[in-house]
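Notes for the one structure printed next.
The values are calculated or read from the model by the stated rules, or taken from the named source; none is laboratory data. This one's a predicted model, so the numbers in the text were calculated from it and none came from an experiment. Neighbour counts are summed over all protein chains in view; Cβ atoms, including those assigned to glycine, are modelled from backbone coordinates with ideal geometry.
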C-alpha cells in the first residue's frame, strides 16, 4: 500500500512538472509586448480577463493596491455573443491611457452604457493569445517565475505572488 501511495505521489509530481514546463514553453510564445502592462513591481503575472467578469473585477480590486509590487500583463478576453463585453474591450485596447480605461471598465463605469467605439485589432490579438493557451474562462492567471496557473478567482492569488 505504501508503495502504491508513493507511486501515485511521484506520478502526480511528475505530471505537475510536465505541465509547468508546458506552460513555460507556451508563455515564451505569448506576445507580451501586446499585453496591457500595469504596475511596476518585480513579481509578474499574466492575466486574461473579461471586462464583465465579476471575479475579474474582484481580482482587480485586490491587485490594484499592490501595483508597486506586481507587474501585470493583461490580455482582454471578451465573452462571445456579448457585444457589451466586446465594446468595453475595444475601449480599453485602443485608449491612449489603457490603464485608466481598464480601471474605469473594471470599476463599472460603463455597465449601464457601454462605450461606442470602433473595433480595435489588439482585442483580436489578445483573443488569439488566449486560444493558443486554450484559456476557457476568466480570470486565468500565470505567475511568472513559477509558471503556476490559477484558473478562476483565487483568494490566495496575492499569496501565490508572494505579496501576502
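Remarks
- Answer from 115, 83, 121 - the residue that is in contact with a helix residue (DSSP H, G or I) (Cβ under 7 Å, 6 or more places away or on another chain) and free of Cβ contacts under 8 Å to residues at least 60 places away in the same chain: 115
- For region 104-117, the criterion of a residue being closer than 29 Å to residue 24 by Cβ, surrounded by 14 or more Cβ atoms within 10 Å (Cβ to Cβ), modelled with pLDDT under 95 and out of contact with any strand residue (DSSP E or B) (no Cβ under 6 Å at 6 or more places or on another chain) is satisfied by no position.
- Residue match in region 63-79 (condition: in a helix (DSSP H, G or I) and under 25 Å from residue 20 (Cβ atoms)): yes
- When region 128-158 is limited to residues that are touching a strand residue (DSSP E or B) at 6+ places or on another chain (Cβ under 7 Å) and free of Cβ contacts under 8 Å to residues at least 60 places away in the same chain, the one that is surrounded by the most Cβ atoms within 10 Å (Cβ to Cβ) turns out to be 150.
- Here residue 161 does not qualify as modelled with pLDDT under 95, under 17 Å from residue 33 (Cα atoms) and surrounded by 14 or more Cβ atoms within 10 Å (Cβ to Cβ).
- Filtering region 119-142 to residues that are over 16 Å from residue 80 (Cβ atoms) and modelled with pLDDT of 95 or more leaves 120, 121, 122, 125, 139, 141, 142.
- Qualifying residue in region 27-40 (condition: modelled with pLDDT under 95, loosely packed, with under 11 Cβ neighbours inside 10 Å and touching a helix residue (DSSP H, G or I) at 6+ places or on another chain (Cβ under 7 Å)): yes
- Checking each residue in region 66-89 for being surrounded by fewer than 16 Cβ atoms within 10 Å (Cβ to Cβ) and under 17 Å from residue 104 (Cβ atoms) picks out only 67.
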